[in-house]
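**Student:** Below is the structure I would like to discuss, written out as structure tokens.
Bear in mind that the values in this text are calculations on the coordinates, not laboratory data. Just so we're clear, the structure is a prediction, and the values are computed from it rather than from any experiment. Don't worry about glycine lacking a Cβ; one is built from the backbone with ideal geometry, like all the others, and counts go over all protein chains shown.
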Amino acid sequence: MEYFDLHCDTLYKATVENTTLNYSDYHISLDKAKFLDKWVQLFAIWIPDEIRGEEAKKLFLKATKIFEDYRINNDTIDMRLSVENASMLNGDIRNIDLLVQNNVQSVTLTWNDENELGCGAGCTNAHGLTNFGKEVVKRLEENNISVDLSHASDELFYDVINIAKKPVIATHSNSRTVTDVKRNLTDIQFKIIRDMGGIVGLNFYKGFLNTDEEKASIDDLVRHAEHFLNLGGEKTLAIGSDFDGADMPGDIKGIETIPVIYQRFEREFGVKLTKNIFFNNANMYFTNFDNMR
């Protein structure tokens, strides 16, 4: 099977815990996924909100070194890099060059709190983009890096939409209609991303799947997928597992569970649509985005 995952935190864990991308205790290890015929994985460098300034930049650079060491010695997995929380820019627009030099594919503008760009979904009295944030969005697009609106406050979301010239994405966000938490997307937000030609990755985190997170299961993942598909998301919906960055439902152990989820989606939505959700939609988005000038 073919699998394109828009978001995992495995690289971050390997960086801060001094382990490897083959550590068997993680949701994802390169060896665990050898059953996949084709695998594209965006490895996020997460910058926690409490890490700021030069420390955030150093964490980014340390993670890129680990990533590159694995990428150049691997010819079976399409490993790609993303950033979760643009606080690693340290408020300096010149640090966009670091993203370009490391071929970063997408950048989540915030995590849950406020940074130099604006407010995340966890802010109280949230505001949208700062002037610096507006400049970052412009520069990311100029350098062919996708703007990721997962973790954005509603105010920041709409500020980005008002200035974006290329399709935005939400790499790991579910439906707020199905599970009413701020980190999930409203129907209007999903439709905006859909109409722009963007994509939305289904998040496996149990707290975003079900308000009673201890009851969360693959059934809830199907519910979120069905809701987005009913909004016309056949070409928009993708996978953004959040493996190694979130607590999973009891019936999702890690990447080894992907075939089980895939087969369930085939039963619910058919072969063609399942292939689109698990690979084709994300692959088409990045192919098209890379060709936009």
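**Student:** Looking at the stretch 222-264 only, could you name the residues that are of a type in the set (Phe, Trp, Tyr), crowded, with 22+ Cβ neighbours inside 10 Å and assigned to a helix (DSSP H, G or I)?
**Tutor:** Correct list: Phe228 only.
**Student:** Same structure, new question: Looking only at the stretch 58-103, how many residues end up being in contact (Cβ under 8 Å) with a residue 60 or more places away in the chain and either assigned to a helix (DSSP H, G or I) or in contact with a Cys (Cβ under 8 Å, 6 or more places away or on another chain) (or both)?
**Tutor:** Result for the stretch 58-103: 0.
**Student:** May I pose another question? Taking Ala33 and the conditions (1) in contact with a strand residue (DSSP E or B) (Cβ under 8 Å, 6 or more places away or on another chain); (2) crowded, with 19+ Cβ neighbours inside 10 Å; (3) touching a residue at least 60 places away in the same chain (Cβ under 8 Å); (4) of a type outside the set (Asp, Glu), which numbered condition does it fall short on, given that it satisfies the others?
**Tutor:** Against the list (1) in contact with a strand residue (DSSP E or B) (Cβ under 8 Å, 6 or more places away or on another chain); (2) crowded, with 19+ Cβ neighbours inside 10 Å; (3) touching a residue at least 60 places away in the same chain (Cβ under 8 Å); (4) of a type outside the set (Asp, Glu), Ala33 comes up short only on (2).
**Student:** Report yes if Arg52 is under 25 Å from Thr130 (Cα atoms) and buried (at least 16 other Cβ atoms within 10 Å of the Cβ), otherwise no. Step through it out loud before you land on a result.
**Tutor:** Numbers: under 25 Å from Thr130 (Cα atoms): yes; buried (at least 16 other Cβ atoms within 10 Å of the Cβ): yes.
Here the answer is yes, as Arg52 does meet what is asked.
**Student:** Take the residues of the stretch 68-99 that are among the hydrophobic types (A, V, I, L, M, F, W, C) and within 17 Å of the chain's Cα centre (by Cα): which is nearest to Ala152 (Cα to Cα)?
**Tutor:** By that ranking, first place goes to Ala86.
**Student:** Further, regarding this structure: Report yes if Glu214 is in contact with a Lys or Arg (Cβ under 8 Å, 6 or more places away or on another chain) and surrounded by fewer than 17 Cβ atoms within 10 Å (Cβ to Cβ), otherwise no. Quick ask: steps written out before the conclusion?
**Tutor:** Values: in contact with a Lys or Arg (Cβ under 8 Å, 6 or more places away or on another chain): yes; surrounded by fewer than 17 Cβ atoms within 10 Å (Cβ to Cβ): yes.
Taking the combined requirement at face value, the residue satisfies it.
**Student:** For Ser106, are the conditions met, namely being surrounded by 24 or more Cβ atoms within 10 Å (Cβ to Cβ), of a type in the set (S, T, N, Q) and assigned to a helix (DSSP H, G or I)? Please lay out each step first, then the result.
**Tutor:** Working: surrounded by 24 or more Cβ atoms within 10 Å (Cβ to Cβ): yes; of a type in the set (S, T, N, Q): yes; assigned to a helix (DSSP H, G or I): no.
Judged against the criteria, Ser106 is not a match.
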